[in-house]
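**Student:** Just dropping this structure here.
The values are calculated or read from the model by the stated rules, or taken from the named source; none is laboratory data. What you are looking at is a predicted structure, and each value in this text was computed from that prediction instead of being measured. Note that we place each Cβ from the backbone using ideal geometry, even for glycine, and neighbour counts take in every protein chain shown. Side chains are part of the model used for accessible areas, which takes the heavy atoms of the whole protein and leaves out ligands, DNA and RNA. Shrake-Rupley method; radii C 1.70, N 1.55, O 1.52, S 1.80 Å.
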Amino acid sequence: MAEFSSRRVKLVFCLSLLTTIISTIWFFIAKSLDIGDLSYFIGATIPLFIISALVSKKGNLTIARVIYLIAFNLSVTLTASFIGKAGSVEFILMFALALPFVTFSFRRERLFIVIFSGLSMMLWFLLYYTNFDLFTNTHMDPELAGKYVYPISIGTTILLVTYQLIYFSYINAQYYSSIHSQREEAIEESNAKSRFLSMMSHEIRTPLNAITGLSHILGDSNPRKDQEQNIEALNYSGKILLNLLNNVLDFSKMESTTISLDPIPTNIMLAVKQIKKIHEPSCLRKGITLELEIDDDLPVVQLDIVRFNQVINNLVSNAIKFTDEGSVTLKITKLNETADTVLLHTEIKDTGIGIAQDQHEKVWQAFTQASTSTNRLYGGTGLGLPIVKSIVEAMGSQVKINSEPGVGSSFNFDLELKLASNEELEQATQKKEHDLKGKRILLVEDNQINVMVGRQILEKANLVVDVAYDGQEAVNKVRENDYDAVLMDIQMPIMDGYTASKEIRKFNTDTPIMALSASVFMEVKSKIIESGMNGFIFKPFEPEALLDKIEDAMQTKIPADIVAD
């Protein structure tokens with residue numbers, strides 16, 4: 001029964017019952033017209049249609065359809081032969097000709113369609129070829145056939161065709177109604193997923209903001225030599241956790257939107273050295289080496305360095321994870337350079353466990369690793385490589401894999417990048433001197449640890465900091481005091497950041513309000529702008545980036561509908 005859809009079973013069952021009723025009517029018509037032989041033949045087909053209905057109901061659909069189509073074709077042809085051309089009974093064969101296309105699957109049962117469509121065409125041809133003497137030489141009086149049988153024949157044909165149209169319209173309406181319901185459910189599930197990820201993003205990023213902030217403060221407070229390594233480990237752990245969180249969020253965004261790139265002037269050599277600094281401790285702990293093979297003459301290029309680092313970090317992290325002895329090598333070479341562009345080849349290779357040939361395509365699938373034992377032994381979400389693939393494709397390239405079990409793996413891709421000048425690089429990387437002394441700022445945050453971290457970062461930049469622990473308190477303080485800027489958390493008790501900003505904008509349209517958001521979803525960004533805030537700063541934030549945003553907002557007084565990242 002599972003082999004056939006319930007729609008097809010129901011169709012054959014209903015057709016069999018309908019044809020049983022029509023055959024019964026024709027039986028009595030033949031009786032009343034004194035065509036005894038015809039009535040016997042029609043009467044003999046009625047049980048066949050009943051059997052077809054019962055067999056289809058039990059799920060033996062192939063047998064039911066064969067019985068039905070043979071009985072139907074013979075019944076129509078017999079009736080047409082006995083009544084003659086004047087009765088036009090043969091037109092019912094048009095319906096029989098089309099039936100195989102709707103009762104059989106065109107993909108799986110094409111042979112049956114050919115056979116039974118051909119049967120109807122052959123019988124129709126034989127009727128005309130034999131001048132309707134196919135089964136008998138004695139025909140009904142043409143005048144009576146034209147007067148009584150003709151309208152019945154045409155009416156039967158119209159009834160069958162109309163039934164088929166109505167039935168399929170009904171089936172299609174049910175089908176599209178089901179699709180609409182499924183679509184609504186899918187949208188609701190997608191919204192639920194977004195709400196969940198947004199909540200989890202906030203809940204994880206909030207304490208993570210404290211970890212990265214405190215590690216920055218400790219590292220900037222002249223620690224003892226024996227403390228520096230612990231601080232670096234704390235900072236590194238925070239970055240690894242943030243990278244894991246970003247992978248999950250990035251994958252969620254990549255499912256529904258395309259990746260947008262933000263190229264800036266970049267010195268790839270400096271960026272790669274930072275990557276080595278991050279990953280080398282892991283290699284040392286495992287007793288393997290991390291080697292860099294970077295061309296010395298790489299030019300300054302326009303590159304989305306955040307996305308590029310994400311690709312390299314994921315590939316290097318994977319290589320280190322699956323390598324227990326030997327080395328991991330990051331190689332970047334210049335293949336070709338023109339006046340405006342350069343073609344770079346990037347390769348990450350290792351001497352790790354390798355990947356079997358039949359698993360090469362599988363590793364690009366989300367939440368999938370080469371084998372279940374790999375997941376148990378090495379852990380991971382299975383999102384790193386799918387994200388790498390998506391980012392590299394957004395950059396206009398393809399990631400290639402070369403791997404052999406027990407030998408190691410190599411992932412490589414080529415990028416054609418626009419050249420940038422050293423002046424552009426210097427302008428983009430120049431450390432900004434902040435002039436914030438004496439400026440007064442309101443920090444709206446309900447998490448005590450984040451308040452402590454935020455206050456220390458802001459006060460170290462010579463800002464005067466007031467604190468509000470919920471949105472309502474923030475509204476009251478802005479009404480009573482003059483602030484140069486407001487840092488507004490989004491999710492807070494009593495009154496959230498959206499509502500608080502709307503209330504503030506009712507009486508104050510000048511003070512810049514920057515959202516402190518732990519969510520990176522577009523709908524959150526849209527709500528931030530709609531509520532009257534001037535922009536947003538992601539948690540966890542880099543202190544320098546936070547101070548840059550604050551100073552820019554204070555100096556330019558950018559309108560609420562323009563500032564956005």
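**Student:** Could you list, in sequence order, all residues of the stretch 147-162 that are surrounded by 15 or more Cβ atoms within 10 Å (Cβ to Cβ) and more than 52 Å from the chain's Cα centre (by Cα)?
**Tutor:** If the condition is that a residue be surrounded by 15 or more Cβ atoms within 10 Å (Cβ to Cβ) and more than 52 Å from the chain's Cα centre (by Cα), then TYR148, VAL149, TYR150, ILE152, SER153, ILE154 are the ones that fit.
**Student:** Now a separate question. Any residue at all in the stretch 499-509 that is modelled with pLDDT of 90 or more, acidic (Asp, Glu) and touching a strand residue (DSSP E or B) at 6+ places or on another chain (Cβ under 8 Å)?
**Tutor:** no
**Student:** Let me ask another. With ASN336, ASN313, ASN309 as the choices, which residue is of a type outside the set (Gly, Ala, Ser) and more than 23 Å from ALA428 (Cα to Cα)?
**Tutor:** Answer to the selection: ASN336.
**Student:** State yes or no: is LEU15 aliphatic (A, V, I, L, M), out of contact with any Ser or Thr (no Cβ under 8 Å at 6 or more places or on another chain) and surrounded by 18 or more Cβ atoms within 10 Å (Cβ to Cβ)?
**Tutor:** No; evaluated as a whole, the condition is false for this residue.
Table: residues versus (1) within 30 Å of GLU143 (Cβ to Cβ); (2) over 53 Å from the mean Cα position of the chain (by Cα).
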residue	(1), (2)
ALA53	no, no
SER56	no, no
LEU61	no, no
LYS85	yes, yes
MET94	yes, no
LEU97	yes, no
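**Student:** From LYS331, LYS349, LYS389, which residue is assigned to a helix (DSSP H, G or I) and modelled with pLDDT of 80 or more?
**Tutor:** LYS389
**Student:** Quick one: LYS418 ticks every box in (1) within 32 Å of the chain's Cα centre (by Cα); (2) in a helix (DSSP H, G or I) bar one, so which box is it?
**Tutor:** Against the list (1) within 32 Å of the chain's Cα centre (by Cα); (2) in a helix (DSSP H, G or I), LYS418 comes up short only on (2).
**Student:** Can you tell me which residues in the stretch 445-499 are among the aliphatic types (A, V, I, L, M), over 19 Å from GLU544 (Cα atoms) and in a helix (DSSP H, G or I)?
**Tutor:** ILE449, ALA474, VAL475, VAL478
**Student:** When you check LEU344 against the structure, is it open to solvent by 40 Å² or more (accessible area, probe 1.4 Å), within 17 Å of PHE413 (Cβ to Cβ) and of a type in the set (A, V, I, L, M, F, W, C), yes or no?
**Tutor:** no
**Student:** Moving on. Which residue is modelled with the lowest pLDDT, if the candidates are limited to the stretch 540-565 and must be under 16 Å from VAL486 (Cβ atoms), open to solvent by 50 Å² or more (accessible area, probe 1.4 Å) and outside any loop (DSSP other than H, G, I, E, B)?
**Tutor:** THR556
**Student:** So, one more: Is there any pair with a first residue in the stretch 29-48 that is over 19 Å from LEU15 (Cβ atoms) and a second that is β-branched (Val, Ile, Thr) and assigned to a helix (DSSP H, G or I) whose Cβ atoms are under 7 Å apart and which are 6 or more apart or on different chains, and what are they?
**Tutor:** From the stretch 29-48, the pairs are ILE29/ILE152; ALA30/ILE42; LEU38/THR79.
**Student:** Oh, and also: Looking at (1) modelled with pLDDT under 75; (2) surrounded by fewer than 16 Cβ atoms within 10 Å (Cβ to Cβ), which one does LYS239 not meet, given that it meets all the others?
**Tutor:** For LYS239, the exception is condition (2).
**Student:** Check whether at least one residue in the stretch 92-104 is without any contact (Cβ under 8 Å) to a residue 60 or more places away in the chain, crowded, with 22+ Cβ neighbours inside 10 Å and not in a helix (DSSP H, G or I), and report yes or no.
**Tutor:** Scanning the stretch 92-104, I find at least one residue that is without any contact (Cβ under 8 Å) to a residue 60 or more places away in the chain, crowded, with 22+ Cβ neighbours inside 10 Å and not in a helix (DSSP H, G or I), so the answer is yes.
**Student:** If a residue must be in a helix (DSSP H, G or I), open to solvent by 10 Å² or more (accessible area, probe 1.4 Å) and closer than 26 Å to ALA545 by Cα, how many such residues does the stretch 500-519 contain?
**Tutor:** Residues meeting the conditions: 2.
**Student:** All but one of (1) open to solvent by 20 Å² or more (accessible area, probe 1.4 Å); (2) modelled with pLDDT of 80 or more; (3) touching an Asp or Glu at 6+ places or on another chain (Cβ under 9 Å); (4) farther than 17 Å from ASN309 by Cβ hold for PRO405; state the number of the condition that does not hold.
**Tutor:** Answer for PRO405: the failing condition is (3).
**Student:** For the stretch 110-145, give me each residue that is within 22 Å of SER23 (Cβ to Cβ), open to solvent by less than 80 Å² (accessible area, probe 1.4 Å) and part of a helix (DSSP H, G or I).
**Tutor:** Result: PHE116, SER117, LEU119, SER120, LEU123, TRP124, LEU126, LEU127, LEU144, ALA145.
**Student:** Filter the stretch 489-499 for residues that are surrounded by 15 or more Cβ atoms within 10 Å (Cβ to Cβ) and either over 32 Å from the mean Cα position of the chain (by Cα) or of a type in the set (S, T, N, Q) (or both) and give the result.
**Tutor:** GLN491, MET495, THR499 - these are the residues of the stretch 489-499 that are surrounded by 15 or more Cβ atoms within 10 Å (Cβ to Cβ) and either over 32 Å from the mean Cα position of the chain (by Cα) or of a type in the set (S, T, N, Q) (or both).
**Student:** Turning to a different aspect of this structure: Which one of these does TYR483 not meet: (1) among the aromatic types (Phe, Trp, Tyr); (2) open to solvent by 80 Å² or more (accessible area, probe 1.4 Å); (3) under 22 Å from GLY535 (Cβ atoms)?
**Tutor:** Unmet for TYR483, out of (1) among the aromatic types (Phe, Trp, Tyr); (2) open to solvent by 80 Å² or more (accessible area, probe 1.4 Å); (3) under 22 Å from GLY535 (Cβ atoms): (2).
**Student:** Is at least one residue of the stretch 99-106 in contact with a Leu (Cβ under 6 Å, 6 or more places away or on another chain) and among the polar types (S, T, N, Q)?
**Tutor:** no
Here is a yes/no grid of residues against (1) under 39 Å from the mean Cα position of the chain (by Cα); (2) closer than 30 Å to LEU385 by Cα:
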{"site": "GLY406", "(1), (2)": "yes, yes"}
{"site": "GLN427", "(1), (2)": "yes, no"}
{"site": "ASP484", "(1), (2)": "no, no"}
{"site": "LYS506", "(1), (2)": "no, no"}
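**Student:** Across the stretch 301-322, what is the number of residues that are assigned to a loop (DSSP other than H, G, I, E, B) and surrounded by 21 or more Cβ atoms within 10 Å (Cβ to Cβ)?
**Tutor:** 1
**Student:** Within the stretch 272-287, track down each residue that is hydrophobic (A, V, I, L, M, F, W, C), free of Cβ contacts under 8 Å to residues at least 60 places away in the same chain and crowded, with 16+ Cβ neighbours inside 10 Å.
**Tutor:** Within the stretch 272-287, ILE275, ILE278, CYS283 qualify.
**Student:** While we're on this one: So, ALA366, is that one touching a helix residue (DSSP H, G or I) at 6+ places or on another chain (Cβ under 7 Å), surrounded by fewer than 19 Cβ atoms within 10 Å (Cβ to Cβ), at pLDDT below 90 and of a type in the set (A, V, I, L, M, F, W, C) or not?
**Tutor:** yes
**Student:** Are any residues in the stretch 449-480 surrounded by fewer than 19 Cβ atoms within 10 Å (Cβ to Cβ), among the hydrophobic types (A, V, I, L, M, F, W, C) and modelled with pLDDT under 90, and if so, which ones?
**Tutor:** ILE449, MET452 - these are the residues of the stretch 449-480 that are surrounded by fewer than 19 Cβ atoms within 10 Å (Cβ to Cβ), among the hydrophobic types (A, V, I, L, M, F, W, C) and modelled with pLDDT under 90.
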